[in-house]
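Chemist: I have a structure here, written as structure tokens, and I will follow up with some questions on it.
Every read-out reported here was derived from the displayed coordinates using simple, explicitly stated rules and does not represent laboratory data. Quick caveat: nothing in here was measured; it's all calculated off a predicted structure. When we count neighbours, we look across all protein chains shown, and the Cβ atoms used for this are built from the backbone with ideal geometry, even at glycine.
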Amino acid sequence: MARHGYGQGCYRYFSLPLPEPVARLRQALYPPLAEVARAWGEDWPETHAALLDRCQAAGQTRPTPLILRYGPGDYNRLHQDLYGPLVFPLQVIVLLSDPADFSGGHLTLVETWPRQQSRCEAPLWCRVAAW
């Protein structure tokens, strides 16, 4: 991460074929997220497979899921992950460790809208149903 100016820590992109839990999670999460994006007036397909077809047609073939690992003193600078001209407006973050095990840092999320002030949140914890 440091060599690109993103912060300090390690990241690795998954390659195709994606691990089964990652592929299942993407397929399950996409429809409700696309519904939100469509409610904002954006045109997104109903299924994740249709989104992948649209990405392929735009020349975007690299899978976007990645895994990050942070140690003491590591951090990630505020950024937006863009991989080409087709940009889905929502991202999902999954914590693989219990937030109670963290010390000294926060997950900070920033919501940006054109011509408006950004909104920043630092949630104390998140819980998600088991997949």
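Chemist: Order 77-85, 31-39 from most to least packed using the mean count of other Cβ atoms within 10 Å. Let's see the in-between values first.
Modeler: On the way: 77-85: 10.3, 31-39: 13.6.
In descending order of packing, they fall as 31-39, 77-85.
Chemist: At a 10 Å Cβ-Cβ cut-off, how would you order Asp53, Asp101, fewest neighbours first?
Modeler: The order, fewest Cβ neighbours first, is Asp101, Asp53.
Chemist: In degrees between 0 and 90, to the nearest 10, how far off the longest principal axis of the chain does helix 20-39 point, with axes built from Cα atoms?
Modeler: The two axes meet at around 70 degrees.
Chemist: Can you list, bin by bin at 5 Å, the percent of alpha carbon pairs in the chain, starting at 0?
Modeler: Calculated over all Cα pairs of the chain, the distribution is 2, 7, 15, 20, 21, 18, 11, 4, 0 percent.
Chemist: Same structure again: Quick check on the exposure proxy: order Thr64, Thr47 from fewest to most C-beta atoms within 10 angstrom.
Modeler: On the way: Thr64 15, Thr47 12.
Listed from fewest to most nearby Cβ atoms, that is Thr47, Thr64.
Chemist: Taking the Cα centre of the range 1-75 as the origin and placing charges on Cβ (Lys, Arg +1; Asp, Glu -1), which of Ala37, Gln56, Ile67 is farthest toward the positive end of the dipole?
Modeler: Ile67
Chemist: Given Cβ point charges of +1 (Lys, Arg) and -1 (Asp, Glu) and nothing else, what value in debye, to the nearest 20, does the dipole of the range 2-99 about its Cα centre take? It would help to have the intermediate numbers written out before the result.
Modeler: On the way: 9 positive and 9 negative charges, 77 e Å.
Approximately 360 debye in magnitude.
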